[in-house]
Amino acid sequence: MAGIVTAHELLSSGRHVLLIDKDKEENFGGLAKQSFGGVHMIDTPHQRRLRIKDSPELAWRDWQSVADYQPGDDWPRRWGRLYCENSREYIFEFLNSKQVKFLPLVNWAERGIYGPGNTVPRWHITWGTGFEIIDRLLQALHAHPQRANLELLFDTEISVIETANGRATGLRGKNMGSGEQINVSAEHIVIASGGICGGDLRRLRANWYKPWGQPPKKLLNGAHDYGDGMLHDGVAAVGGALTHLDLHWHYAAGVHHPAKRRPDDGLSLVPPRSALWFNARGERIMNPGPMPVYGDTRHLVESVLRQPGQYSWQVMNWKIAIRELAVSGCDYMHAFRFKNRSELLRNVLFGNKALVQRLIRECPEDIVVADTLEELMERMDEKNLYGLRLDRAQMEATIRHWDEMIARGPAFYNDDQLRRIANFRAYRGDRVRTCNFQAILNPKAGPLIAIREFILARKSLGGIQTDLQCRVLRAADEQRIPGLYAVGEAAGFGGGGIHGKGSLEGTFLGGCILTGRVAGQSIGK
Ligand SMILES: Cc1cc2nc3c(=O)[nH]c(=O)nc-3n(C[C@H](O)[C@H](O)[C@H](O)COP(=O)(O)OP(=O)(O)OC[C@H]3O[C@@H](n4cnc5c(N)ncnc54)[C@H](O)[C@@H]3O)c2cc1C
């Protein structure tokens, strides 16, 4: 996506562009094409219509609260500020001009747990998901008045950046099918090759964030097959700086992807808020309070990493699942992906039964269903790993206490998760997809469902260091390497780590657009 946006911007500046992709043409658009299409934007017309008062200053305060920038993070900090100050013009207006539409209700992700996150809702969901964004961008690219200046080359892997007298002058690589060598010379080179999460999980493990201890034995892969850092290495080989390669944005609720396109292929679930979260011993995971979904993704991941076996179980029932369970990405979110209003309305009113039935059918490796708790725990234990077993009496007592508290009524909700559910339901964007305090063992809400969830690797927060014009900086002296640029996830979405340690969500697609446009304009000038 970052490469496509850059190319579009360059065509508008009258440049000639050669866009090279290792992937096949049918996958043109990279990860964004599979994404859910949630975009973080500030002070948009959608927010204003909902009377959400937002501003770049407020957003920048929130951004810093999760970024937790460290001394020396000057470029990431500058990029973070640039994002907050320019998201409406650079991201919203750009997408709007390409006819990308958003759902009327702005979503409220990453609102923080004990400290601030997003003070107000900013997650704008694209009607048609990320697939639609890419579709519209490609239409714009092909319909560009300067289309004749664009050449596309697929199935071509680039491995080497050529330099002469300190300036980037060309690229070397090969055709993926025939192995035929390719050499390209160019006045400017823009690296838009994505992160380092997906291609090879060994690289992720080698760059694992040290304060988290050892990476889990089982990690699921939710990123790009070619996100192997080959061009990060290419940039380093010509002296470019790579920073924050140990910072990543993972998710806590990954299950094995039924498509099994690669080893440990992962599907990221949006976990229900009304489910109870347990570890493999059947102890409720406390953080130190309960796991607040949609509060702080990083916290969820850290909490699971502290559990025995470093995976978890979510326990719910059918009624909770059909209302709250979702999948991050476009493939499973049928109504969103195909812009089917009546289906979406049905899902909101009666629950998304088709999605839950499909997940149960396609993910038997991680999802178990039973009519009684006894039977459910039995099935969970059959799937428990590393010799871990549930303390069934303790788990049953925890669920019964939870249900009893719900039965006592809201005045007596003495559990942080229930209080947060009440808080979620106060915002209408969340009320439509959060149950009204649903007891788990209520026989009318069954069957019971338990989902075994692993850490799923998704986004690299660090990357190639760039200045505010996306020019790659040298490791030795922070001076720019003439002719060399980096955008999108490859550049840590700007400056080698715009997010610091954490994201407010939707900042990834937004960061691709922002960096792509900035790079294109900078070269254009
Ligand atoms: C299922 C899913 C849901 C998501 N949902 C959201 C969301 O709702 N909101 C959000 O903000 N973000 C979301 N994301 C993240 C977001 O989609 C990505 O961070 C973003 O699209 C990255 O774009 P990119 O252009 O930087 O890199 P990529 O999409 O990874 O593209 C990199 C391109 O470079 C090519 N390439 C790699 N190496 C080479 C090489 N050596 N030679 C030639 N070509 C090469 C690849 O083939 C690919 O086409 C989601 C991601 C996934 C997978």
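Tell me the helices (runs of 4 or more DSSP H) entirely within the stretch 406-525 that contain at least 1 residues that are within 15 Å of the ligand (Cβ to nearest atom) and touching a Ser or Thr at 6+ places or on another chain (Cβ under 7 Å).
507-524
List the helices (runs of 4 or more DSSP H) inside the stretch 1-113, counting only whole elements, that have at least 3 residues being surrounded by fewer than 17 Cβ atoms within 10 Å (Cβ to Cβ) and away from the ligand (no atom under 16 Å from the Cβ). Talk me through it step by step, then tell me what you get.
On the way: elements: 2-12, 45-49, 56-67, 74-86, 93-97.
Passing ranges, in order: 45-49, 56-67, 74-86, 93-97.
Right, residue 210: open to solvent by 20 Å² or more (accessible area, probe 1.4 Å), modelled with pLDDT of 95 or more and either of a type outside the set (Lys, Arg) or within 11 Å of the ligand (Cβ to nearest atom) (or both) or not?
Working: open to solvent by 20 Å² or more (accessible area, probe 1.4 Å): yes; modelled with pLDDT of 95 or more: yes; either of a type outside the set (Lys, Arg) or within 11 Å of the ligand (Cβ to nearest atom) (or both): no.
So residue 210 fails the test.
Which one of these does residue 352 not meet: (1) in contact (Cβ under 8 Å) with a residue 60 or more places away in the chain; (2) buried (at least 20 other Cβ atoms within 10 Å of the Cβ)?
For residue 352, the failing item is (1).
Quick one: which of 282, 266 is within 15 Å of the ligand (Cβ to nearest atom) and open to solvent by less than 10 Å² (accessible area, probe 1.4 Å)?
On the way: 282 fails: within 15 Å of the ligand (Cβ to nearest atom).
Just one listed residue meets the conditions, 266.
Quick check on my filter: what residues within the stretch 318-349 are surrounded by fewer than 21 Cβ atoms within 10 Å (Cβ to Cβ) and touching a Pro at 6+ places or on another chain (Cβ under 8 Å)?
Result: 318, single match.
Those residues that are hydroxyl-bearing (Ser, Thr, Tyr), closer than 16 Å to residue 17 by Cα and away from the ligand (no atom under 16 Å from the Cβ), I need them from the stretch 141-173; list them, please. Spell out how you get there, then give the answer.
Taking the stretch 141-173 first, the residues hydroxyl-bearing (Ser, Thr, Tyr) are 156, 159, 163, 169.
Next cut, closer than 16 Å to residue 17 by Cα only: 156, 169.
Listed by number, the list holds a single entry, 169.
Go through the stretch 190-207 and give me each residue that's open to solvent by 30 Å² or more (accessible area, probe 1.4 Å), part of a loop (DSSP other than H, G, I, E, B) and not aliphatic (A, V, I, L, M).
Matches in the stretch 190-207: 193, 199, 200, 207.
Between a first residue in the stretch 441-464 that is farther than 30 Å from residue 263 by Cβ and a second residue that is of a type in the set (Val, Ile, Thr) and not in a strand (DSSP E or B), which pairs have beta carbons less than 8 Å apart while being 6 or more apart in sequence or on different chains?
Close Cβ pairs satisfying both conditions: 441/399; 445/320; 448/372; 448/440.
Looking at (1) surrounded by 20 or more Cβ atoms within 10 Å (Cβ to Cβ); (2) more than 24 Å from residue 302 (Cα to Cα); (3) within 14 Å of the ligand (Cβ to nearest atom), which is the only condition residue 176 fails?
For residue 176, the exception is condition (1).
Across the stretch 224-248, which residue is least open to solvent (accessible area, probe 1.4 Å) among those that are in contact with an Asp or Glu (Cβ under 9 Å, 6 or more places away or on another chain), within 20 Å of residue 507 (Cα to Cα) and not hydroxyl-bearing (Ser, Thr, Tyr)?
227
The values are calculated or read from the model by the stated rules, or taken from the named source; none is laboratory data. Note that the structure is a prediction, hence the values are computed from the model and not measured. All Cβ positions, glycine included, derive from the backbone under ideal geometry; neighbour counts span all protein chains shown. For the accessible areas, the whole protein counts, side chains as well, though only heavy atoms, and no ligand, DNA or RNA atoms are used. Shrake-Rupley method; radii C 1.70, N 1.55, O 1.52, S 1.80 Å.
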